[in-house]
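The values are calculated or read from the model by the stated rules, or taken from the named source; none is laboratory data. Remember, it's a predicted structure, so these values are computed and weren't measured experimentally. FYI the Cβ positions are ideal-geometry reconstructions off the backbone, even for glycines, and counts take in every protein chain you see. The area values use the complete protein model at the heavy-atom level, side chains included, leaving out ligands, DNA and RNA. Shrake-Rupley method; radii C 1.70, N 1.55, O 1.52, S 1.80 Å.
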Amino acid sequence: MNKFWSEIANSIEPYTAGEQPKDKKYIKLNTNENPYSPSVKVLDAIRNAANESLKLYPDPTCNDLKTAIAEYYRLDNEQIFIGNGSDEILAFSFMAFFNPKEKVLFPDITYSFYPVFSDLFNIDYKCVPLDDEFNVQTKLLNEENGGIIISNPNAPTGISLPVSSIEEILKNNTDSVVIIDEAYIDFGGESAYKLINKYENLLVVQTFSKSRSLAGLRVGFAMGNSNLINALVKIKNSFNSYTTGKLALIGAIEAIKDNDYFEMTTKKIIKTREIVVKKLKEMGFWVLDSKANFIFISHPKVNAEKLFIELRSRGILVRYFSKKRIDNFIRISMGEIEDMERFIYEINDII
Ligand code: PMP
């Protein structure tokens, strides 16, 4: 116990992000970043906005970005919330919609920030097991709960859930908020945003970090019924009115507008994923069916932690989780095709 720390600072087990090493140049396939640069239009807009106006606070309502997103998804501004990365929105959501002692449900294998947020805000949770193929068992989400959160596609498996299953979950849980974390949705999944006019308990959270190549800018957004959005605004304004900076807002607006670049880069990543999956399957890997910008793989003969260590020593960083059920898998983010060719060469050499 540190006597100067609060109880929560003493007890909380924080989320561990993938490493960002500086010791040498690695092929970085460990944090699901986009290998492609942000759109030139985004970079130009940020450069042009780096001027005297930075002496003023940004628009706390983020209205222009909300308008750009609302136009893109054909929604109203009141149905959109902007945050400093989607992690922040998820944190606000735990505060806005969940209560201590009312168990929040999420899969046993999923984004490891969910239990951290639960602990931070003292919210009870229950991990609902995925089936043997790592699919969500929607029937297990019918028990009494204080909320549900699902990553779709799931992390770290990449497996996606059809919108029909999400609708079933919403119908069976009308008294609690269901959050769908769509950080990776643009790489082949089907977004649940279409359901927000139909279900008042649905919140869909997305990010600019992955499909729009802006992990460094820190912008995320949520879409939902204006009643839910108002709760998020209330929490945000009790925490920090200006979570999203001026340059971040400007960059994100341009990213939404440059749809051609977005389409081109996401298509390239999907194509790369298909090529890599095919090669790994030929090598005997079990490759989960990914609709994300990463894949989750296991080999029947070579231990995953060994693979992780050996790849690292050859200058390739992937992600390994020493967690029950997935401790014989590694997660590989899709890089540029040349880097993936090198990865394929090295992993083939190792096995
Ligand atoms: N959700 C999931 C499932 C993620 O993997 C990540 C990235 N680590 C996030 C949300 C958060 O992304 P960001 O805060 O960069 O928007």
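Net charge near Thr174, counting Lys/Arg +1 and Asp/Glu -1 over other residues with Cβ under 13 Å of its Cβ? Computed value for this residue: -3. Which pairs in the list Lys103/Lys139; Lys126/Lys324; Lys41/Lys194 are over 18 Å apart, alpha-carbon to alpha-carbon? Where the Cα-Cα span goes over 18 Å, the pairs concerned are Lys41/Lys194. Within the straight-line cut-off of under 16 Å between alpha carbons, the lysines reachable from Lys323 are Lys306, sequence neighbours fewer than 8 places apart in one chain being disregarded. With r as the distance between the Cβ atoms of Asp44 and Asp131 and R0 = 51 Å, compute the FRET efficiency 1/(1 + (r/R0)^6) and round to 0.05. That gives a FRET efficiency of 0.60. The distance from the alpha carbon centre of the range 202-259 to that of the range 33-102 is 2 Å, rounded to a whole number. Take every Cα pair under 8 Å whose residues are at least 6 apart in sequence, average their separation, divide by the length of the chain, and the relative contact order is 23 percent.
Over the range 300-345, calculate the relative contact order: mean separation of alpha carbon pairs under 8 Å at least 6 apart, over the residue count, as a percent.
Details: 36 pairs, mean separation 14.9, N = 46.
The normalised contact order for the range 300-345 reaches 32 percent.
Given a 1.4 angstrom probe, I'd like the percentage of the accessible area of the chain that is carbon and sulfur, rounded to a whole number. Carbon and sulfur together cover 49 percent of it. On a per residue basis, the range 213-351 carries 47 Å² of accessible surface, using protein heavy atoms and a 1.4 Å probe. The stretch between Tyr242 and Lys24 holds 74.9 nm of extra length on full extension. This uses 0.36 nm per residue minus the Cα-Cα distance.
When the helices in the chain are scored as -39500 (n - 2.57) per DSSP H run of 4 or longer and the sum is shared across all residues, what 222 nm value do you end up with, to the nearest 500 deg cm²/dmol?
Details: 11 runs with 127 residues, N = 351.
The helix contribution divided over the chain gives -11000 deg cm²/dmol.
Inter-part distance, the range 168-199 to the range 123-147, computed on C-alpha centroids, equals 15 Å. Site pair Asp327 and Leu54 shows an inter-label distance of 4.7 nm when each label is modelled 7 Å from Cα along Cα→Cβ. For Lys101, the aspartates and glutamates whose Cα comes closer than 20 Å to its Cα, not counting residues fewer than 8 places off in the same chain, are Glu7, Glu13, Asp119, Asp124, Glu143, Glu144, Asp175.
Would you mind checking the range 1-23 for residues with the amide N under 11 Å from a putative spin-label position 7 Å along Cα→C-beta of Ser112? Answer for the range 1-23: 14-19.
Computed packing ranks the peptides 336-349, 49-62 as 336-349, 49-62, most packed first, by mean other Cβ atoms within 10 Å. In this simple spin-label model, placing a label point 7 Å from the Cα along the Cα-to-Cβ direction at both Ala9 and Asn303 gives a separation of 3.9 nm. For Lys268 and Glu282, the difference between the fully extended length at 0.36 nm per residue and the C-alpha to C-alpha distance is 2.9 nm.
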